[in-house]
């Protein structure tokens, strides 16, 4: 294109929105009696006036104004001092990058030279349509000239391509639409712009965008010139973005529903309240027509069904694990049971009469049962039923399993509350994990000692759980206060954190989500701090965010202990950008999280306690340092010795052990 504009026998210039020359070739500069360097940045009127051609300046300014205001091409003539007459064509063009309105100017000698005139016309069309695969058609829209690039792409021979044969290479679903658009453009003499799929010579289809503009001689169409651009990559990227956006939207909706469920379940302290909360969640979040909880009796011998609408599972006095119902099967197999219709239910239980009775007397036509597990053993099942047959997608199944996990936490908490609601320490421990998970390549340990001298529940808590990507997450937090409000707040935050980590496990993202939940559900006077981390057992990379909590302690096997040098962010609910800290845990090192009850009391400030914590950790024996559980017990006994414990003490430790079989990972 540069060579064309420089050496062409026609003049070309492009004027910016301010009517000044932005680019101009030597031929056009000579028409105006100047050089390209002197023309740049000046308007045509200014250049002609400087050359002494006042009349020519007025005439060309009028043409320029007409083209810009009318939005159409304007033709004019200009006579140079040597007597040569030039045809000038002014027409508007749009900058594809910023949408700016420019004016293109083309000058051709006023001679009977069809080749020069055709060169002007095609250059103008190329400027408007772009320059990719260039094709041309007659005034009636028929292909008259060969386009080797098109035939190479489609495998058509010349006879098949000419006329309207090029349409045969389009995808059958696209051809009628494109053919109508092309006919309308030719009939109305308007620009043609269409997206369609083209069958390639190897049999596949690529996405292309075709554009064409008419070449006019007065009011007559001389021909059409257009371009063809391969947009397959862009279309595939757009489709991928749309799919990802849809998946993200659905994931966000499931996360929001899960957060709502955890918030509602956190308020339920009895089994009946859990059933009521789950019934609402089943209706709004799952679309279930009936929701029930199937729980073991006190002796763990039989199952009983609880439902918000009073429905009792057959038989009324309970049933065994071998009873033909999906809830009993989910508990027995410890795996979800999903049945999309009556025929599948009959096949699952070999046509048992109890199944026929269920189908005859109820409107249930699809079923989902998910085992509820605590401490590695089932306590019952979450049962949904639907009045119409339906399938459960993989993404929905993951959501339902997470919901069953939250329900298990809630029902487990309710059982403990109903049995031991007068014993603060038992309720406190029920809100904490009954057991830490076993994760390959990681040793986890926790320690809790109640500081309550009254029948109240504290706000200290911790949790640890494996993530789907193989990493392990851990958190330790402190909800200010005592009693049921502190316990409820602790439970809401813990459950919400699990729900957030399920969909977006990175620490800063989880704390940002907790901030939003905290603002919506917790009181203005509620103060909550926590430290949350994610550890990769393979690489040792530990990602951490701190919401106003005390700094973690790092105990190294071959170096002195230290506190992580990370500035804590604000407590939950206080708006701030959440920090994200990354470092690597070496084999043999232990990272310990702790509550303020370990370092602070009536006789010792926080700063003094932190200094003493580092000193006590440095005095630990090697065998204690090598065992995270012993290390926590040692720290508690050493730090509390000589002080009266007036607050709960909670610790969580994670260690990458030194093992000989590292290569087996």
Query raised in the report: Can you give me the relative contact order of segment 2-111 as a percent, contacts being Cα pairs under 8 Å and 6 or more apart?
Result: 26 percent
Requested in this report: Would you please give the FRET efficiency between residue 23 and residue 641, computed as 1/(1 + (r/R0)^6) with r the Cβ-Cβ distance and R0 = 60 Å, to the nearest 0.05?
Outcome: 0.10
**Report entry** Principal-axis tilt of helix 628-640 within the chain, Cα atoms, nearest 10 degrees
**Finding:** 70 degrees
Query raised in the report: To the nearest 10 degrees, how steeply does helix 232-267 sit against the main Cα axis of the chain, on a 0 to 90 scale?
Result: 30 degrees
Report summary line: At 10 °C in a medium of viscosity 1.306 mPa s, segment 2-111 has a Stokes-Einstein diffusion coefficient, with Rh taken as the Kirkwood radius over alpha carbon pairs, in µm² per second, of 115 µm²/s
Query raised in the report: Over the chain, how many percent of alpha carbon pairs lie in each 20 Å bin up to the one with the longest distance?
Result: 15, 29, 20, 23, 13, 1
Query raised in the report: If each Cα of segment 263-421 is one equal point scatterer, what is log10 of I(q)/I(0) from the Debye formula at q = 0.14, 0.17 Å⁻¹?
Result: -0.64, -0.97
Query - If the convex hull is drawn through the Cα atoms of segment 276-352, its volume per residue in Å³ - result: 109 Å³
Report summary line: Largest-first semi-axes in Å of the equivalent ellipsoid built from the Cα gyration tensor of segment 493-648 are 28, 21, 12
Query - At q = 0.23 Å⁻¹, base-10 log of I(q)/I(0) for segment 133-230 (Debye sum, equal scatterers on each alpha carbon) - result: -1.30
Report summary line: Cα-Cα pairs in segment 176-298 separated by more than 24 Å, as a whole percent of all pairs, come to 61 percent
Report summary line: Between the Cα axis of helix 606-618 and the main Cα principal axis of the chain, the angle (0 to 90°, nearest 10) is 80 degrees
Requested in this report: With an 8 Å cut-off on Cα pairs and a minimum separation of 6 or more residues, tell me the relative contact order of segment 133-230 in percent.
Outcome: 31 percent
Query - Average Cα contact separation per residue, the chain, under 8 Å, 6 or more apart, as relative contact order % - result: 7 percent
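Readers should treat all values here as calculations from the given coordinates under stated rules, not as data from a laboratory. Predicted, not measured: the structure shown is a model, and the values here were computed from it. Please note: Cβ atoms are built from the backbone with ideal geometry, for glycine as well, and neighbour counts cover all protein chains shown.
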